[in-house]
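See structure below.
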Number of protein chains: 2
Amino acid sequence: MNIATRERLLRAATRLFADNGYRGASVRDICNLAGANPGAVSYHFGGKRQLYRAVLRRAADELADLGPRPEAANGEAEQIVLVDALRRLFQRMLSDDASTRLLLRDLADGGAVAVESLTPPLRTAFEQLAAALGHGDNPRGSAEGRLLFLGLAAPVFLLTAAWPVVARTLELEMDQKEALLAELVERTLHAHGGVETL
Amino acid sequence: MNIATRERLLRAATRLFADNGYRGASVRDICNLAGANPGAVSYHFGGKRQLYRAVLRRAADELADLGPRPEAANGEAEQIVLVDALRRLFQRMLSDDASTRLLLRDLADGGAVAVESLTPPLRTAFEQLAAALGHGDNPRGSAEGRLLFLGLAAPVFLLTAAWPVVARTLELEMDQKEALLAELVERTLHAHGGVETL
DNA sequence: ACCAAATTCATACATTCGTTTGTTAGAAAT
DNA sequence: ATTTCTAACAAACGAATGTATGAATTTGGT
């Protein structure tokens, strides 16, 4: 199990960092969960901080890989491919996995990692979305394009990060998160003259 | 300076907790910044955890007090009062003060405090908003009402928590946050048949 | 001015933290 | 067969943590 220790450390750290935050997860706990020594973190990553960075980077890349792929922009069935990618991404974000919780913590800490590794995939998603809905030329310059993007990204983010608050405010059941988001996204897309169903 | 020490502790703790998180802010640092002894936290609050709870509660209440007041619902100029309250609330949230950052951290930790003390003011805000825009009867039951609320809350939350990411994605300057939000809110309100300018 | 209560203080305690150290086992290379 | 090197280990380090303690000081009421 040569390279496996490093991988086990990464997995254990992802879970513990997501659950308890950076300072809340001790190196000992991580190494315990990974079945390694207390010094394994320093040995493999050079310290706790760098392990945290590695974990955050992997989480961000993992989420980013779910977004629309750049090469899909020229396909014939643009909207279908795009909508599929969006559906995957949204479902992943809505299920509170470790990656999403980690990025939320990073945002509370200033969002250094989020800015760096989430911006590129968000940009391609935005461009493809605008292209597929007809806001083709320079979507970033138009208020329409910005509204379209924020109309999708903002609700997903809100329901991901603060769903308990929203549910209590709107007097919804806790299991209606996906339904509410679907309703929201469908209306937003429709308002911008796009696909019928997500 | 009798009661002042307690207050200084609260202020110092608010800043340090917001900047470094719960575990990242040590009791010694807080007491140092407040000009008090290491034991002052235990004496005045009974421990670090209870100081944190007090700080979070105050931050949430502070934000909640900026929202629309319940008694304003029956005034004649409903929309004006409401819009003023919303403007105050939004500007406060957009300026990244300690209260907002603290609540973001609480959300990353599960949002226990946020749910408990942010839900009531959000609910009255929602009801008044729906009433002022004509979705009077049972706004929570209608998809229109939910969309209206989320159309306002979601962008504010996104721009508050993740503005650097959004700015980089849309290739906007960092100082255009308020402008973008104003554009968004205005369109959303207008789309729901409401006031012209926020 | 006096006393009792409340508050602040300096200090110390036990724990836990991240990291370093010296060493061992096993594979790779010579 | 001998050397070299990487990975993993147990142990221990110094530093920092939250809290407890008792003395010193300030405060407010009489």
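No lab work stands behind these numbers, since they all come straight from the coordinates. Here the structure is a predicted model, which is why all the values come from computation and not from measurement. Glycine gets a Cβ as well: all are built from the backbone with ideal geometry, and neighbour counts include every protein chain shown.
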(message) Being more than 7 Å from every other protein chain (Cβ to nearest Cβ) and not in a helix (DSSP H, G or I) is the filter here; which residues of the stretch B:146-172 pass it?
(response) B:Leu172
(request) For the stretch B:44-58, name all the residues that are near DNA strand D (Cβ under 7 Å from one of its atoms) and farther than 21 Å from B:Ser99 by Cβ. (result) B:Gly47
(message) Checking the structure you have, find out if any residue of the stretch A:8-29 is in a helix (DSSP H, G or I), within 20 Å of A:Ala60 (Cβ to Cβ) and within 11 Å of DNA strand D (Cβ to nearest atom).
(response) yes
(request) Please work out which residue is farthest from the other protein chains (Cβ to nearest Cβ), limiting yourself to the stretch A:11-41 and to residues that are near DNA strand C (Cβ under 7 Å from one of its atoms) and among the charged types (D, E, K, R). (result) A:Arg28
(message) Which numbered condition in (1) more than 13 Å from chain A (Cβ to nearest Cβ); (2) within 13 Å of DNA strand D (Cβ to nearest atom); (3) closer than 22 Å to B:Leu159 by Cα is the only one that B:Arg87 fails?
(response) (2)
(message) So, B:Glu62, is that one near DNA strand C (Cβ under 10 Å from one of its atoms) and either part of a helix (DSSP H, G or I) or touching a helix residue (DSSP H, G or I) at 6+ places or on another chain (Cβ under 6 Å) (or both) or not?
(response) no
